Amino acid sequence: MSKVIYGGQSYECGESSILDCLTAQGVPVPSSCRSGVCQTCMMRVVEGEVPEKAKAGLKPTLAAQNYFLACSCYPENDVEVVLPEAGLGKLEARVTSVEYLNGDILGIRLKPSRLFEYKAGQFINLFKDEITARCYSLASVPALDEELFLNVRKVPSGLVSGWVFSSLKVGDAITISEASGDCFYVPGNSEQDILLIATGSGLAPLYGIIRDALLSGHQGKLSLYHGSYNTDGFYLVEELRRLAQTHPNFNYVPCISEGEAKAGYAPGMVLDIALADNPDLSGWRVFLCGNPNMVNTAKQQTFFAGASMRDIFADPF
């Protein structure tokens, strides 16, 4: 008879679902439809395995992180589970590089103090002190980069970004969290076309995702559109153009929303240009990162253009 371990307690599951098992013991697990549709009862396995049926309907990125639906999970072996919001661990990292990527964005490279598992495009918390932290996406790729790579944009009166720009230096020891987030590349559908749209430092996770996809041998189109008011807002331009030269399936389009666009740049709003170039997104995977207004509008517009909500991954910031 299988057991479910939650919060340090062990419960006999029998033939019940994990949701029924835990709630019968008074464990407060959120739930609603109890039929695998609403996903309110989503949990995460930290030890053991759950049947694939328990992951039905979840985005591939969630399934890849061992999330499952408690109402649909009838475990065949002992498992330890937690709720999705279970706290991330902390660790120390050493600053190995600080460089200006443009006038408003710093590239920070960090060496974690211990083995650090992550997927390109996920985010970490960067702590200024015990109670002050901000999320920053990872532009690095585990198989390509020895260090973590963050793109930190200077925010007016920003408590953490202001500290990073004024005080952070090579050699400093800082506190970071473990990685989280479901905005990353999942192998397995190498012919699928992928649209990636970013504004500002929203490029960071997409830079990691693109390189990870290419490293994995992705064959479908990878089309990146990066938006800025003017050319001063772009960065990693040469790196992206080199990738486009060496990988025929990768297309990089920097978009300028205000003023005249010189050669090599597209004039107009980044979302408008991306959809004009790719009006039918049926069967595509979509990644959207950056300005929350752009991301929210783009989620709607790419869905209307044919992309499935299951294949749309958004990270507004």
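Quick note: the coordinates plus some simple rules give every number you see, no bench work behind them. Keep in mind the model is a prediction, meaning the values are calculated, not measured. Note that we place each Cβ from the backbone using ideal geometry, even for glycine, and neighbour counts take in every protein chain shown.
Key figures
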| quantity | calculated |
| --- | --- |
| Potential lengthening between E92 and E47 on full extension [0.36 nm per residue; Cα-Cα distance subtracted] | 13.7 nm |
| Gain on full stretching of the segment that runs from K262 to N293 - 0.36 nm per residue minus C-alpha separation | 8.5 nm |
| Quotient of C-alpha Rg and 2.2 N^0.38 Å, computed over the range 3-82 | 0.96 |
| Highest-fluctuation residue, P60, P267, P30 considered, GNM on the chain with Cα pairs under 10 Å | P30 |
| Exposure proxy order (Cβ contacts within 10 Å, fewest to most) of I131, I312, I124, I194 | I131, I312, I194, I124 |
| Residue of Y74, Y136, Y11 that the Gaussian network model of the chain assigns the largest fluctuation, springs spanning Cα pairs under 10 Å | Y11 |
| Top of E92, E258, E117 by mean-square fluctuation, Gaussian network on the chain, Cα under 10 Å | E117 |
| Isotropically averaged projected area of the range 158-242, using the convex hull of Cα atoms (one quarter of hull area), nm² | 7.9 |
| Cα extents of the range 194-316 along the three principal axes, largest first (Å) | 35, 31, 22 |
| Per-residue [θ]222 nm for the chain (sum of -39500 (n - 2.57) over DSSP H runs n ≥ 4, rounded to 500) | -6000 deg cm²/dmol |
| Charge dipole of the chain about the Cα centre (unit charges at C-beta), most positive-ward option of M269, G8, A204 | M269 |
| Relative contact order computed over the chain (Cα-Cα under 8 Å; 6+ residues apart), in percent | 13 |
| Cα-only radius of gyration and Dmax that characterise the range 219-281, units Å | 11.8, 36 |
| Percent of alpha-carbon pairs separated by more than 22 Å within the range 90-177 | 17 |
| Pairs from K53/K119; K154/K262; K59/K154; K119/K169 whose Cα-Cα separation, in the structure shown, is over 29 Å | K59/K154 |
| Charge sum, other residues only, whose C-beta stays under 14 Å from L243's C-beta, Lys/Arg counted +1 and Asp/Glu -1 | +1 |
| Distance (nanometres) between label positions extended 7 Å along Cα→Cβ at L115 and Y100 | 4.1 |
| Charged-residue dipole, Cβ positions (Lys, Arg, Asp, Glu), the range 194-316 about Cα centre, Debye nearest 20 | 300 |
| Modelled FRET efficiency - R0 41 Å, E76 with S32, Cβ distances, 0.05 increments | 0.95 |
| Rounded Å value of the spacing that divides the Cα centres of the range 127-197 and the range 6-39 | 34 |
| Mean projection area, nm², convex hull over Cα of the chain | 17.6 |
| Packing-based ranking, highest mean first, of 145-152, 204-211, 47-54, 303-310 given that Cβ atoms within 10 Å are counted | 204-211, 145-152, 47-54, 303-310 |
